[in-house]
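The values are calculated or read from the model by the stated rules, or taken from the named source; none is laboratory data. Keep in mind that what you see is a predicted model, and the values were worked out from it rather than measured. Here the Cβ is made from the backbone with ideal geometry for all residues, glycine too, and neighbour counts use every protein chain on show. Keep in mind that these areas ignore ligands, DNA and RNA; they rest on the heavy atoms of the full protein, side chains included. Shrake-Rupley method; radii C 1.70, N 1.55, O 1.52, S 1.80 Å.
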Amino acid sequence: MGNPPARTVRFTVNGVPATVEVEPRLTLADCLRHALELTGTHVGCEHGVCGACTVIVDGRAVRSCLMLAVQAEGCAVQTVEGLVDGEALGPLQAAFRRHHALQCGFCTPGMLMTSHALLSSEPDADVARVREALSGNLCRCTGYIGIVEAVLDARAAYKAGAGKGRPDR
Amino acid sequence: MTRHDILVGQPVERLEDLRFLTGRGQYVDDRSVDGMLHATLVRSALAHGTIRAIDTAAALALPGVHAVYTAADLGAKVPMIPMRMEANADLARFEQPVLAHGKVRYVGEPLALVVADTPAIAEDAAGLVAAHIEPLPVVLDRTGAERGDTLLFEQAGSNRGLALQALRGDASALDAAFRDAPYTCRRRFKVHRHTAAPMETRGLLAEWDAARQRLTVSGLVKVPFAIRALLATLLGMPESAIDAVESDCGGGFGMRGEFYPEDFLVPFAARRLGRAVKWIEDRNEHLLAITHAREVECELEIACDRDGTIRGLRGQGAYDLGAYIRPNAVTAPRNFAQMAGGPYRIPALHMEVALLVSNKTPAGSYRGPGRFETDCFRERLFDIAAGELGIDRVAFRRHNLLRQDEMPSRLPIVMPYGSGGETDSGNYHETFERCLAEIGWNDKVALAGRQIDGVFHGIAIGCYIEGGGSGPREHARLVYEGDGRVAVHVGSSAVGQGLETIFAQIAADALGLPMDRISAVRHGSSGIVKMGYGSLGSRSTVMGGSAILDAANNLQHAIRTLAAARLGCAPEEVSLEDGLRSAAARGRVLALAGPSGLAGGGIEADGLFENDRRTYSYGSHAAHLTVDAATGQVRLLDYVSVEDVGRIINPMTLHGQVIGAIVQALGGTLLEHLVYDGQGQLLTGSLASYLVPAADDFPVIRSFVLENHPSPLNPLGVKGAGEGGVIPVGGVIANAIASALSSFGVQPDELPLTPPRIWELIRRGNAPVALP
Ligand code: FES
Ligand code: FES
């Protein structure tokens, strides 16, 4: 055995260029968390079920535990750290706080990124669509009611174009 | 003195949220230190077997591997994990060694610890460790355990630990009740094995400081002081040489705070190697290694008069506790026995519960331990009995619920532990009637059992009492800082439930400060208060909150005393003004905050709250659901919870906890199941096979919280909540399904109620009804 040689990968994270040396087997989640010290992205299952690791890559919500860092070459990656509006909470984050959409906060980054991707492309999503979109993100604390309310509440900001960092830009 | 609460009772937005929403939380895996190594466990692939050899040479030869430890490396005697709650010599025969030696007893049992430069190398190396284990026959259920032809622990001579007894009334009264009652009914029930499955798996970071001979451990949550004490004993170090450091925690639900093998192994490796060592559990090993919960079966019998008056309740239960007795293993069986009567008037009660071992993952505590199970069985039996007696289910409960003039009510005594206790305060009829009103019982009950648009409607209601505020004591310390703000330190630990906010609300009100003058709330670290008893059994608000009140009084007194010395008067003459920014007496005003103020170096005060009686919140849940008889699919149409918690600190966080708890319990009732095959292999080793509820499963839950009956046992009047939402769910749902499928004669006696099981019950039902 032994370690396969490291590869150099370049992509942007939250608009900032990043260059990392990674083993080919390193997931994007681990790369973000440990190589780039962006620990906001969480890992809850490592097998694509819980959604905690969701980030946005070139406009689409992806599970960063199922993507290798080397596959991100040339991509634009957005993480929860990129959702803030300057120093203030972005509209989705503020809605989460208002609606008590989080308790332990562990699922929260993934919930935010899934919701952000949804509202960025479908700011009119109705309650059924919101629940459907969120059904791939597991939360063990909240029972989801606050989360769904928060996403519905944040729609107005996205319709008005105030959603932070549109992923399809 | 009356306090004028401004923040307590308000839906104050959470302080924690700011860091969690921006990705700045500090969960244990978010911490890294220079030179840190990574650990991974080699776990048994067999459920039962004799260890012949563990060959670590190939793993050790892999570049980047620093150590591979097996039981042989731990010294002459492998450390054993002792019981913590209700320690008992009979059960101590089944304690777990921190690494398997001689035998393995469940799939996932730690065999070796590998430490390497990176997690990937550690995992590669773990794959190279060859364990030669000779298989033994496996014990996987109650029958097998009781038969005893295969013993997990030969010296113990049995797979049965002790049998707990819960007693109310004497044996002759019970015999008389069952002999003389015109109606008795006996049924056998079962709750399946499931688990908390928080979104963050476990993890630890242990740092060893060789120069100072100190160990620092992050990731010890829930009961950090207790774990630290045990770790010190097992490592042979003074407790004071170990720092337990607070970290954020991605969900607790009772399962954290066991002393797990890894809690010893990771610090052990750090000390042995003189390096920081981190271990983060993956999801598969989490499902194998975390304490499982709830697996119990029981024959339960009730004796009633024809009018439904309950004369007695008795039962024999058996808990499958898995391969070893872990620190909190007795909590669920004890609660199961003691709470069997719930909030009802049951003059004679006798429960016997056997604790059995089997070749499955050890079991422990999970939110509402034992109470979920016992409530499920009792409420099922009530509906069956009411049905057979021809009494309305609601009338049956109304008739037997304890009345306010019967409070406090004594709880059964649990042997061999002896503790009984009594409820504190409450009016069980109030929550019951309110719950009926909120669900619209009188209108909906007409739908029960009817088929509308192809699905059958069912409705049910059930009651519970919770039990919070467990002692013995809690510490707090308030620090008045030079800038006029106050830092709160408390020994209760947060596991994601929003304690920082609640404690800030309590402290701010007690000191007459606005929220933003609370500079920080620190919890669960051994460096900040003398002692802490952690977060369990819905105790944090009760105990920690009350300790903060005491500290606030003491802080004000300390400030008055200092100010009095400056102002040349008695402390009683000093009034604290302007939100603790100044003190006044005899017409003079003294600045407290700021550069010239009194508090330049900070003024501190400790607080303590002691308690040996528990608080009891209580309530009722009701459900309206439909069942598709063709598929067994259950759809929840309405779910209502009404509880009285004595006093509400923050209605927003309280509702959040209640709803989260209900959904978690709905998962445990309808979806979640840890399934083993005939060889003791866990078949549900991922979140793709262990199904927890998702956002589109249970969208209709309504929670109403009352504060009509404050607890007389603490100055806040709070009772603790957070588990109540779990307790009645299994029984209510099973009864609602029975109600829906009454025309099929379906009487569920076992959870989980998955579609295939319901479908099977319909096929087996004794009333022939044409299926769609
Ligand atoms: S960690 Fe990626 S989906 Fe769970
Ligand atoms: S807030 Fe804890 S898992 Fe969602």
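Remark: B:Gly64 matches the filter, which requires a residue to be at pLDDT 95 or above and farther than 30 Å from A:Gly82 by Cα.
Taking segment B:688-702 as the range and being surrounded by fewer than 17 Cβ atoms within 10 Å (Cβ to Cβ) and within 8 Å of chain A (Cβ to nearest Cβ) as the test, the residues that pass are B:Ala688, B:Asp696, B:Pro699. Of the candidates B:Leu74, B:Leu60, the single residue that is open to solvent by 30 Å² or more (accessible area, probe 1.4 Å), more than 26 Å from the chain's Cα centre (by Cα) and not small (Gly, Ala, Ser) is B:Leu60.
Residues that are open to solvent by 60 Å² or more (accessible area, probe 1.4 Å) and more than 21 Å from A:Gly105 (Cβ to Cβ): find the strands (runs of 3 or more DSSP E) completely inside segment A:1-83 holding 1 or more of those.
Of the strands (runs of 3 or more DSSP E) lying wholly inside segment A:1-83, those with at least 1 residues that are open to solvent by 60 Å² or more (accessible area, probe 1.4 Å) and more than 21 Å from A:Gly105 (Cβ to Cβ) span A:7-13, A:16-22, A:60-63.
Screening segment B:544-642 for strands (runs of 3 or more DSSP E) wholly inside it with 2 or more residues that are over 30 Å from B:Thr431 (Cα atoms) returns the ranges B:575-577, B:582-585, B:588-591, B:603-610.
Among the residues examined, A:Pro91 qualifies as of a type outside the set (Phe, Trp, Tyr), over 14 Å from the mean Cα position of the chain (by Cα), closer than 25 Å to B:Asp17 by Cα and away from ligand 1 (no atom under 16 Å from the Cβ).
Applying the condition of being open to solvent by 10 Å² or more (accessible area, probe 1.4 Å) and of a type outside the set (Ser, Thr, Tyr) to segment B:183-202 and asking which residue is farthest from the other protein chains (Cβ to nearest Cβ) yields B:Arg186.
Residues checked against (1) open to solvent by 40 Å² or more (accessible area, probe 1.4 Å); (2) under 32 Å from the mean Cα position of the chain (by Cα); (3) over 26 Å from B:Ala76 (Cα atoms):
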| residue | (1), (2), (3) |
| --- | --- |
| B:Val104 | no, yes, no |
| B:Ala112 | no, yes, no |
| B:Pro137 | yes, no, yes |
| B:Gly144 | no, yes, yes |
| B:Leu152 | no, yes, no |
| B:Gly161 | no, yes, yes |
| B:Leu167 | yes, yes, yes |
| B:Ala176 | no, no, yes |
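Selection within segment B:615-640: residues that are closer than 19 Å to B:Pro752 by Cα and polar (S, T, N, Q). The member of this set that is least open to solvent (accessible area, probe 1.4 Å) is B:Thr626. None of B:Gly725, B:Gly717, B:Gly730, B:Gly685 is open to solvent by less than 10 Å² (accessible area, probe 1.4 Å), under 28 Å from A:Gly143 (Cβ atoms) and within 14 Å of chain A (Cβ to nearest Cβ) except B:Gly725. Close contacts from segment A:67-80, counting a first residue that is within 13 Å of chain B (Cβ to nearest Cβ) and a second that is crowded, with 18+ Cβ neighbours inside 10 Å and among the acidic types (Asp, Glu), with Cβ to Cβ under 8 Å and a gap of 6+ residues or different chains, come to A:Ala69/A:Asp30. When segment B:456-507 is filtered for residues that are of a type in the set (A, V, I, L, M), within 21 Å of the chain's Cα centre (by Cα) and modelled with pLDDT of 85 or more, the ones remaining, listed by number, are B:Ile465, B:Val490, B:Leu499, B:Ile502. Checked against the criterion of being in a helix (DSSP H, G or I) and under 19 Å from B:Phe264 (Cα atoms), segment B:56-68 contains not a single residue that satisfies it. Scanning segment B:388-433 for residues that are modelled with pLDDT of 95 or more, part of a loop (DSSP other than H, G, I, E, B) and open to solvent by 40 Å² or more (accessible area, probe 1.4 Å) yields B:Gly390, B:Asp392, B:Arg403. Here the condition is being farther than 26 Å from B:Glu406 by Cβ, open to solvent by 10 Å² or more (accessible area, probe 1.4 Å) and part of a helix (DSSP H, G or I); of B:Arg275, B:Arg334, B:Arg271, B:Arg256, it holds for B:Arg271 alone.
Take the residues in segment A:119-164 that are touching a Pro at 6+ places or on another chain (Cβ under 6 Å) and not in a helix (DSSP H, G or I), then tell me which one is nearest to the other protein chains (Cβ to nearest Cβ). Restricting to residues being touching a Pro at 6+ places or on another chain (Cβ under 6 Å) and not in a helix (DSSP H, G or I), the top hit is A:Arg140. Looking across segment B:1-51, just one residue is within 8 Å of chain A (Cβ to nearest Cβ), among the small types (Gly, Ala, Ser) and open to solvent by 30 Å² or more (accessible area, probe 1.4 Å), and that is B:Ser32. Considering B:Ala303, B:Ala323, B:Ala276, B:Ala270, the condition of being within 30 Å of B:Ala145 (Cα to Cα), among the small types (Gly, Ala, Ser), more than 16 Å from ligand 1 (Cβ to nearest atom) and more than 14 Å from chain A (Cβ to nearest Cβ) is satisfied by B:Ala323 alone.
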